[in-house]
Structures are given as structure tokens and as C-alpha cells.
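Asks: The structure follows.
The values are calculated or read from the model by the stated rules, or taken from the named source; none is laboratory data. All values derive from a computational prediction rather than experimental measurement. Here Cβ is always computed from backbone atoms with ideal geometry, including for glycine, and neighbour counts include all displayed protein chains.
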Amino acid sequence: MTYRVLARKYRPRTFAEVMGQDHIVTALSRALQRDRLAQAYLLVGPRGVGKTSTARILAKSLNCDQGPTLDPCLQCDPCREIELGGNVDVVEIDGASNNGVDDVRGIRDRVHYRPMRDRFKIFIIDEVQRLSGPAFDALLKTLEEPPGHALFLFATTDPHKIPETIVSRCQVFEFRRLREVDIQNKLAQICQAENLEAEAEVLAAVARGCRGGLRDAESMLDQLFAAAEGAPTLDDLEMIAGLARPERWLSLFEAVEQDQPQAILQSVEGFLARGGTERDFVEQGVEAIRDLLHLILLGEDARGVEPAPEWRSRQLALAKAFGRDRLESLLGMLFALEGRMNQAPLAARALLEWTLLRAARLSRLLETGRWLQGLETSVVPEASPSAAAAQVTGSRTPTTSPATGAGRQASPEPAPPSPTPAQKPNLPALLKQVRRHSSTIADLLEDRVIECRFHLGENGPDGLQWLLRPLTAQDREMLEDPMEKRALADLPGSPGPWHFVEDQGPQKPIDPIGDQLRETFGGTEEVP
Ligand SMILES: [Zn+2]
């Protein structure tokens, strides 16, 4: 008994069976009906989405005994031979293995003979981008004056490697990646037809793991049924295909978001122990982050992001907790990691752990930076001085920790009851408030400020103390104006009266953001 792999058994045999490429099927069908086919087509697209199948279907449509027809009979000799290979008038060449000029000369010689039996002489060249330069030259000569009975069908995953002279003589069709949900449905049909049992969540995971390539998904299904005992589970999928259960990514990135180094290291350990490689980790992690990014940018409209209902809310919460900036940074770090792994493959695991740990800290770094830059407008107006102080020093507040169920450690440091002079107010946010009141004063303070801290009066903290570089008499007068001082003291976020002190010593360079970062992290920090 010979076993036919699923991908071959369920290869589309008619235009109706080609999945997810309606734009191409429609265009080809119309051209066929109107007898307006081009002489050369370039079928472009990722692997396993139906390029070669479509080429064969078109060949059958043209050469079927019942044809030309949109519905080849699949029974006649030409139809069957095209499906199995070995049709005298349909020549299939794999550009990857026959990339020499001799192979293409063979085409040149043959193309001018009339078809031996059928209507058209059809040349299907798969992976055409792999042909050598001289082979392309020879092909070009053929394409310049093709005889009427010849049709060229080129398939490629990499169109930019094909000379423009060739491309310009072809009609180009771009195949799309298939939607995960379509792949999942197709896998379900196959299982039914094969009398195989598989949970929907397993098929969904296979579909998402293959990123839009149906053939890969079918191969993985083959693998899964060959190796699993009984109906395959997500655990089988992890062991056999190295595809981590979707919720593992959630747990890992929750740990990154919360800066929980132990959980991060355990995640990596678990993934590798289950047979995945560091590279798999990066690839799948990138997809998981991409999903979160899509969720946050597109919300419910995010296509292809169809999390199982039981963890959808967790995923949404995580996406929101990260926010766009941090997700984009995280993606960038994972891409950089891939490059570093190429340079130092032996250190792959250390690089992976290092990157994730840094990513966890970067989360805080970015948060702090954002506060310092006053981008979070909501921080100051309602916040008490103590809360503002706690945020500036980098500790988390309850409002930034979404309640998202298991594994969360939502226990921020308790805010001190009242500010002490050692704590610092949120300077940029304060300046922003000043600017709303008077841009002249805001410019002046921004220009002169050395330090702004909570002021300690006789009865405890009472307002702000500004240490300023020397002022002109006019500036001093403006700041000490009683009306202005009262207005400043009453600004949203102001803890009370403002005291201005001029510094008479040597001038310090001013770098409040850098100071805060250095203070928070110690030393210098390279931000990737
Ligand atoms: Zn036929």
C-alpha cells in the first residue's frame, strides 16, 4: 500500500478548488473564456499557496480532451498525465535543479515544434528565479517570439531575482498568503475525509504555525497524525512540530511586561526542553508580538488574529498593558536578536535570554522616558504629589497593571504618605502646565532650571523648590510677582507654593532625562 501525503492527495485539481486566490482564478477564467490568454505568466507568491497547482490546472483546462474548458474533465489522458507528470506536451521544469543553460536550450529547441498530441505546448518552470544568467538569456530569446501554440507558466517565491526583461514579457499574478481561518477549515475538511480526529484548537495552531502556507500546514498535519497516539493534542504539536501552545506566549510576554526575570528564564527553558530551537522561539515570538500589535492598532478588526475565546481577554489586556511603543521596540529587539544569533550561533540561548531580560527592563525604561518627556498628559493633573513622585522614580502604580488573571503580581510599592525633599516632582509635566499658563515663564524655567524638588517647610513638605541658574533682575521680578506666584502654586499637579532659589555656584550641565535614566538604572544604558 502506498501512502500519498495529504498535501498531494488534496492538491487542488480544478479552479474551483483553488483556495484564497479568487482574483487570479477569475482573471484566468475570463481570459480563457475570451480566448485572450497571454503567452507567458509569472505566478508570484509564498510557498505552498497554489502557484504550481494553478499552473497545472490551466494546462489541463487548455489541453483537456473536452477543452479548452474551465472545468477540465480530469479523466482524459492529457488531464491525468498532467496531474501525474509525464505529458508529452506539458513540460515541467524545476528551476532549482535544472538551472543550466542547456535545460533552457532544450526548451528553445522544443518550443518551435508543434504539440505532439494536444492543443498547446506548455512549459511550467517552478522556482524560475533559480535559473542561471545564461539560462535567462536563452529564455528571453524564446519569449521574444514565442510561437502561437506555446504557453509559459513561471512560478516564483522571489520575483526580484528575475531579470526585468523577463518579467516585462509576462503577465504577473500575485498569490496571497491564505487566511489562517481558511487553512483551518481546509484541514478540518481533510480530517473529515480521512476519518481523522483532531480538536479545532489543534488545527488552529497548525494553521497559525504555517503562516498562510497551506502545503506546509498539510505536511504538518501528516507529521502529527503519523506520530501522535490517538487524536493529536496541543502537547503533541509542541513535541512534534516545536509549535508552542499559544498561551505559553501569553505567559512569557506577560512576564516580560511585568519584568519577572525568573518566569522569563523558565519560559525559555521550557520551550527548549520541548524540542524547539532558539530560532523557532524567535520566529514564533515575533508572530505573537505581531498579533498583539495588530490587536492594539486594529482592535477587533485585526485580521487573522482570532484567539481562542478563553484567552482573548488576557491577550487584549496584555496588548494594552504593553502599548504600541513597547510592542514596536520588542519587535525590533527580536529582529536584532535574529541577526546576533547568525553571528554567534553558539551563544544563541544566552542571546535569547539576554534579549528577553533586557526587553523586560526596557519596558520600564520606556515608561520612565515617556513620563519624563511629559508625553503622558494624564499623569499630573489629578495625581497627588506623592503619586507623581513614585512614578518618576520608576515604581509601578496600580493603574498601570491591568487585572488580567493568573500569574500577575500586582503589588506596587506603597506610596509614601507625603513627599519628602529627596523625591522629585514630574518636571516636564509641571512645565507643560506652566506653559498653559504662561509660555514666557515656561521658557524661562526651562532655560534656567537646575533642579526642581519638593520643598520642606517647618511643618513638613509644602510646595516646590526650584533651583535656578542666575536670573536677570527682570526675570526675577516676573517670577516673584505675587499674582504669578499664586497662579503657579494653583496649577494642576502643583503641591503648593513655589520657592525660587538662584544658584550662585558653577553651572552644571542640564540633562534631566539622562539624569533620571541614570538614576533609575545606574550607570549608562544602551537603548537598542
Ligand atoms: Zn480532460
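Asks: Answer yes or no: is there a residue in segment 37-57 that is touching a helix residue (DSSP H, G or I) at 6+ places or on another chain (Cβ under 7 Å), of a type in the set (Gly, Ala, Ser), within 13 Å of the ligand (Cβ to nearest atom) and closer than 29 Å to THR165 by Cβ.
Replies: No; the residues of segment 37-57 include none that is touching a helix residue (DSSP H, G or I) at 6+ places or on another chain (Cβ under 7 Å), of a type in the set (Gly, Ala, Ser), within 13 Å of the ligand (Cβ to nearest atom) and closer than 29 Å to THR165 by Cβ.
Asks: Something else about it: I'd like the full set of residues that are hydrophobic (A, V, I, L, M, F, W, C) and exposed (fewer than 11 other Cβ atoms within 10 Å of the Cβ), limited to segment 472-488. It would help to see each step written out before you state the result.
Replies: Of segment 472-488, the ones hydrophobic (A, V, I, L, M, F, W, C) are 473, 478-479, 483, 487-488.
Hits for segment 472-488 are ALA473, MET483.
Asks: So, in segment 237-261, exactly how many residues are under 24 Å from GLU199 (Cα atoms) and part of a helix (DSSP H, G or I)?
Replies: Qualifying residue count for the region: 11.
Asks: Still on this structure, I have one more. Take segment 3-27 and flag every residue that is aliphatic (A, V, I, L, M), free of Cβ contacts under 8 Å to residues at least 60 places away in the same chain and within 16 Å of ILE124 (Cβ to Cβ). Steps first, please.
Replies: Looking only at segment 3-27, we keep the residues that are aliphatic (A, V, I, L, M), and these are 5-7, 16, 18-19, 24-25, 27.
Right, trim to free of Cβ contacts under 8 Å to residues at least 60 places away in the same chain and you get 16, 18, 25.
Scanning segment 3-27 gives a single hit, VAL18.
Asks: Out of the helices (runs of 4 or more DSSP H) lying entirely within segment 473-528, which hold 1 or more residues that are among the aliphatic types (A, V, I, L, M), within 19 Å of HIS455 (Cα to Cα) and at pLDDT 55 or above?
Replies: Working: elements: 473-480, 482-489, 512-521.
Where helices (runs of 4 or more DSSP H) fall fully within segment 473-528 and carry at least 1 residues being among the aliphatic types (A, V, I, L, M), within 19 Å of HIS455 (Cα to Cα) and at pLDDT 55 or above, they are 473-480, 482-489.
Asks: Restricting to segment 318-351, name every residue that is more than 18 Å from the chain's Cα centre (by Cα) and surrounded by 13 or more Cβ atoms within 10 Å (Cβ to Cβ).
Replies: Answer for segment 318-351, where residues must be more than 18 Å from the chain's Cα centre (by Cα) and surrounded by 13 or more Cβ atoms within 10 Å (Cβ to Cβ): ARG340, MET341, ALA347, ALA348, ARG349, LEU351.
Asks: Further question: Name every residue in segment 64-77 that is within 11 Å of the ligand (Cβ to nearest atom) and free of Cβ contacts under 8 Å to residues at least 60 places away in the same chain, in order of residue number.
Replies: CYS64, ASP65, GLN66, GLY67, PRO68, THR69, ASP71, PRO72, CYS73, GLN75, CYS76, ASP77
Asks: Additional query: May I ask you to verify whether ARG117 is surrounded by fewer than 21 Cβ atoms within 10 Å (Cβ to Cβ), assigned to a loop (DSSP other than H, G, I, E, B) and in contact with a helix residue (DSSP H, G or I) (Cβ under 8 Å, 6 or more places away or on another chain)?
Replies: yes
Asks: How many residues are part of a loop (DSSP other than H, G, I, E, B) and farther than 22 Å from GLY95 by Cβ when one looks only at segment 43-83?
Replies: Of the residues in that region, 13 qualify.
Asks: Next up: Against the conditions (1) buried (at least 16 other Cβ atoms within 10 Å of the Cβ); (2) within 14 Å of the ligand (Cβ to nearest atom); (3) without any contact (Cβ under 8 Å) to a residue 12 or more places away in the chain, where does ASN98 fall short? Just the number, please.
Replies: The number of the failed condition is (2).
Asks: Checking the structure you have, find out if any residue of segment 43-51 is aliphatic (A, V, I, L, M) and surrounded by fewer than 17 Cβ atoms within 10 Å (Cβ to Cβ).
Replies: Within segment 43-51, not a single residue is aliphatic (A, V, I, L, M) and surrounded by fewer than 17 Cβ atoms within 10 Å (Cβ to Cβ).
Asks: Out of segment 143-165, which residues are among the β-branched types (Val, Ile, Thr) and within 25 Å of the chain's Cα centre (by Cα)?
Replies: THR156, THR157
Table: residues versus (1) farther than 24 Å from THR165 by Cβ; (2) polar (S, T, N, Q); (3) free of Cβ contacts under 8 Å to residues at least 60 places away in the same chain; (4) more than 16 Å from the ligand (Cβ to nearest atom).
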{"position": "LEU62", "(1), (2), (3), (4)": "yes, no, no, no"}
{"position": "CYS79", "(1), (2), (3), (4)": "yes, no, yes, no"}
{"position": "GLY85", "(1), (2), (3), (4)": "yes, no, yes, no"}
{"position": "ASP89", "(1), (2), (3), (4)": "yes, no, yes, no"}
{"position": "ILE93", "(1), (2), (3), (4)": "no, no, yes, yes"}
{"position": "ARG114", "(1), (2), (3), (4)": "yes, no, yes, yes"}
{"position": "SER132", "(1), (2), (3), (4)": "no, yes, yes, yes"}
{"position": "LEU143", "(1), (2), (3), (4)": "no, no, no, yes"}
{"position": "PHE152", "(1), (2), (3), (4)": "no, no, no, yes"}
